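To start, the structure itself, in structure tokens.
What follows draws every value from the coordinates through simple rules; no lab data is involved. The structure presented is a predicted model; accordingly, all values stated were derived computationally and were not measured. Note: ideal-geometry Cβ built from the backbone for every residue, glycine included; neighbour counts use all protein chains shown.
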Amino acid sequence: MELLNNLTEAVKKGKRKDAEALVKQAVEQKLEAGTILDSLIAAMDDIGRRFKANEIFVPEVLIAARAMKTAMEILEPVLVDAGIKPEYKVVIGTVRGDLHDIGKNLVAMMLKGANFEVIDLGTDVTPEKFVEAARDNGANIICMSALLTTTMPAMKETVDCVKSSGLKTLTMIGGAPVTQEYADEIGASGYGADAATAVEVARSLVSA
Amino acid sequence: MNEKPLPKIGIIACAVLEMELNHFSSGLEHVASLEIMKQDLHNQPELLRAELQAAIDRMEKLAEVEYIVLLFGLCSRAIEGLHGERCPLVAARAHDCITLLLGDKNRYASYAARFPGTYWYSPGWIATNTQPGKVRYESCYEEYLEKYGEDNADYLMELEQSWMHEYNRATYVDLGVGDREAGLAYTRECAQYLNWDVDCQEGEPSLLRDLLNCNWDEERFLIVRPGETFHITTDARVMEARKIKPETETCR
């Protein structure tokens, strides 16, 4: 379908206005909302793959995610009417003492693009705040980010806090200094090496 | 003082500490070799690791070198996996170069806990990197404009600025090396442009001096022997020695 292919391309290139116009056309032509959504998800999947392969970098991902967001704002009411809504909820934030949010924002946008509902708590988020938000929202996963080796220990504290709270919420960690080994060591449910992998891991965690 | 002569050392340092290194290593006869790594490797830990290992391999070929001293911290875990075939490697227990400038990992930790929004400025950082400020903003905008067009460039700069808004303090630190007045003036100018607070912390050279003079106590330094490598600990020790796993020895 040429229109939807063009929509996918516009999102991939970060052409927000084109993406907006094309999604409006698709809606006007009464294309199925789920199919339009799939074309947007396909764009972000491609972005994720190329980001992982070092073919594109953070700015390209950010502008693509923004185009995706603009398109989603138009599509969302149509999805609601069609009874399509995100199945899973994620609470996300950068851990206590750490103010870096570009990576975290990327993961949040990629998760939205993959049809997760995302509750973004921002940066410098305490373990208690993660737990409270997960409880209040009935989140399936808590996603934690840290850029600094100095703030990684706050991930362990958060995982411990989730466990002692009695919540069954899954935990995922990521960020430049974070590894699978560290995730295993602190008992996190998953580790996302990059924004694209984070989405794959989140999908597999909730469907496990 | 020292009865035994000091062991011969090879030094591998980040360009950020080059001025301080030149100052504090001047006249040290036990320094057999010295290599400087480019600062921009800071942003690519895997590449930094590869370049560091290559430098270690080169240095081990120099027969007189007995220990290899790294003027690096964990640096986003870039030093994990580094190993010598013949020489032990030595590093300060530090997350990054700021510990070497402040002279004490605990001082760094308590400052960071008190002021998490601190961006550090030092003579080396100012010389090797475009630190946050007017010049960085303008050159970054130009690049985005050319690559992604005005609408996206504005958006990307907005994101860049929102990241900078999370920071609220420019702290200058030096070891009495370099032009302090100029460094401080630059830091103030950047802080004013970004609407951040400014602070100046007096550096403490004893840690760097002891690192260079082989005065390596367990509390402040880590020595990894052949067959071992550095590994992060998420406690006050910062790092520990770990046996290299057989598969990592043979890979690539």
Could you count how many residues in segment B:104-118 are in a helix (DSSP H, G or I), free of Cβ contacts under 8 Å to residues at least 24 places away in the same chain and either crowded, with 20+ Cβ neighbours inside 10 Å or in contact with a strand residue (DSSP E or B) (Cβ under 9 Å, 6 or more places away or on another chain) (or both)?
2
Of all residues in segment A:180-201 being surrounded by 16 or more Cβ atoms within 10 Å (Cβ to Cβ) and among the polar types (S, T, N, Q), which is nearest to the chain's Cα centre (by Cα)?
A:197
Close pairs (7 angstrom Cβ cut-off, 6 or more residues apart or separate chains): within 18 Å of residue B:75 (Cα to Cα) in segment B:9-27, of a type in the set (Phe, Trp, Tyr) and in a helix (DSSP H, G or I) anywhere
B:16/B:125
Exactly one of A:191, A:182 is assigned to a helix (DSSP H, G or I), over 18 Å from residue A:89 (Cβ atoms) and not acidic (Asp, Glu), and that one is A:182
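Within segment A:86-94, does at least one residue satisfy the condition of being of a type in the set (Asp, Glu) and within 21 Å of residue A:75 (Cα to Cα)?
Let us first name the residues in segment A:86-94 that are of a type in the set (Asp, Glu), namely A:87.
Subsequent filtering for residues that are within 21 Å of residue A:75 (Cα to Cα) retains A:87.
Yes: segment A:86-94 contains one or more residues that are of a type in the set (Asp, Glu) and within 21 Å of residue A:75 (Cα to Cα).
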Specify the residue that is farthest from residue B:236 (Cα to Cα); the eligible residues are those in segment B:79-94 that are surrounded by fewer than 24 Cβ atoms within 10 Å (Cβ to Cβ) and within 14 Å of chain A (Cβ to nearest Cβ).
B:81
Can you tell me how many residues in segment B:19-48 are within 13 Å of the chain's Cα centre (by Cα), surrounded by 14 or more Cβ atoms within 10 Å (Cβ to Cβ) and of a type outside the set (A, V, I, L, M)?
4
Out of segment A:95-140, which residues are crowded, with 24+ Cβ neighbours inside 10 Å and either at positive phi or part of a strand (DSSP E or B) (or both)?
A:95, A:125
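Quick check: anything in segment A:162-170 in contact (Cβ under 8 Å) with a residue 24 or more places away in the chain, over 19 Å from the mean Cα position of the chain (by Cα) and within 14 Å of chain B (Cβ to nearest Cβ)?
Step one: list which residues in segment A:162-170 are in contact (Cβ under 8 Å) with a residue 24 or more places away in the chain, which gives A:162-163, A:165, A:167, A:169-170.
In the following step, the residues that additionally are over 19 Å from the mean Cα position of the chain (by Cα) were identified as A:162-163, A:165, A:167.
Checking the rest, the ones that are also within 14 Å of chain B (Cβ to nearest Cβ) come to none.
Within segment A:162-170, not a single residue is in contact (Cβ under 8 Å) with a residue 24 or more places away in the chain, over 19 Å from the mean Cα position of the chain (by Cα) and within 14 Å of chain B (Cβ to nearest Cβ).
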Provide a single number: the residues in segment A:135-166 that are among the β-branched types (Val, Ile, Thr) and closer than 20 Å to residue B:76 by Cβ.
3
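For the structure I just gave you, tell me whether residue A:26 is under 14 Å from residue A:75 (Cα atoms) and either surrounded by 17 or more Cβ atoms within 10 Å (Cβ to Cβ) or within 14 Å of chain B (Cβ to nearest Cβ) (or both).
Values: under 14 Å from residue A:75 (Cα atoms): yes; either surrounded by 17 or more Cβ atoms within 10 Å (Cβ to Cβ) or within 14 Å of chain B (Cβ to nearest Cβ) (or both): yes.
So residue A:26 passes the test.
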